[in-house]
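In what follows, a single structure is set out as structure tokens and then discussed.
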Amino acid sequence: MSQGGDDSTTLAREARDFLAHFKTLVMATVDRSGSPEASYAPFVRAQDDCLYVYVSGLSRHTANLAASGVVSVLLIEDESSAKQPFARKRLTFDCHAEPIARESEPWHAIMDLFDKKFGNVIDLLRPLKDFQLFRLRMQRGFYVKGFGQAYRISDAALKTVEHIRDASGNTKPA
């Protein structure tokens with residue numbers, strides 16, 4: 001049992017439900033010189049538990065994803081519905097970005113998921129040759145429910161959560 005009586009199974013389900021609520025994610029990427037870039041993109045989550053973004057090659061974040069393969073993702077509770085702006089509910093993931101070859105079988109399968117989630121706009125974006133599809137493989141994650149309620153997510157399926165008990169993000173036995 002973790003703080004507040006939340007068990008790992010309940011927290012994991014809550015984190016998955018929170019993620020399912022979103023259509024877009026916030027991304028932090030870095031360019032070749034190490035300068036940060038904050039951006040956002042619509043996404044889908046596939047059965048492989050990876051997140052996928054379909055982004056324009058004209059944007060800086062696409063160049064950054066292709067060059068470094070490093071991205072941090074944030075999904076955060078809308079501030080208009082948050083009880084406390086200092087403790088908004090959020091999920092963060094450190095990810096490795098991998099391009100998916102255009103017109104490959106995986107590309108078509110993921111683009112079909114985008115079509116189901118976003119509708120007609122995908123018919124306009126799908127054929128644009130400058131757009132690139134990236135798989136974001138979650139390396140580690142964090143789910144924060146509020147003050148003193150931060151949890152490490154140790155698997156991409158969001159099934160294993162551990163309460164963080166110190167400022168360095170480490171878990172300690174209760």
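The values are calculated or read from the model by the stated rules, or taken from the named source; none is laboratory data. Owing to the predicted nature of the structure, the values given are computational and were not obtained by experimental measurement. Reconstructed Cβ throughout: ideal geometry from the backbone, glycine too, with neighbour counts over all protein chains shown. Calculation scope for accessible area: heavy atoms of the full protein, side chains included, ligands and nucleic acids excluded. Shrake-Rupley method; radii C 1.70, N 1.55, O 1.52, S 1.80 Å.
A few comments on the model shown:
- Of the set (1) surrounded by fewer than 17 Cβ atoms within 10 Å (Cβ to Cβ); (2) free of Cβ contacts under 8 Å to residues at least 40 places away in the same chain, all apply to residue 64 but (1).
- Hey, residue 93 at pLDDT below 95, touching a strand residue (DSSP E or B) at 6+ places or on another chain (Cβ under 7 Å), open to solvent by less than 50 Å² (accessible area, probe 1.4 Å) and of a type outside the set (D, E, K, R) or not: yes
- Subset of the range 123-148 (residues that are out of contact with any strand residue (DSSP E or B) (no Cβ under 8 Å at 6 or more places or on another chain) and either among the β-branched types (Val, Ile, Thr) or in a strand (DSSP E or B) (or both)): 146
- Pairs, first on the phi > 0 side of the Ramachandran plot in the range 133-149, second open to solvent by less than 60 Å² (accessible area, probe 1.4 Å), C-beta under 6 Å, six or more apart: 146/87
- Count of the range 135-154 residues which are of a type in the set (Gly, Ala, Ser) and in contact with a Phe, Trp or Tyr (Cβ under 7 Å, 6 or more places away or on another chain): 2
- Only one of 52, 40 that is open to solvent by less than 30 Å² (accessible area, probe 1.4 Å) and either farther than 30 Å from residue 147 by Cα or not charged (D, E, K, R) (or both): 52
- Residue list for the range 143-159, restricted to those being farther than 17 Å from residue 20 by Cβ, surrounded by fewer than 16 Cβ atoms within 10 Å (Cβ to Cβ) and not small (Gly, Ala, Ser): 147
- For residue 102, the test of being open to solvent by 60 Å² or more (accessible area, probe 1.4 Å) and within 11 Å of the chain's Cα centre (by Cα) is failed.
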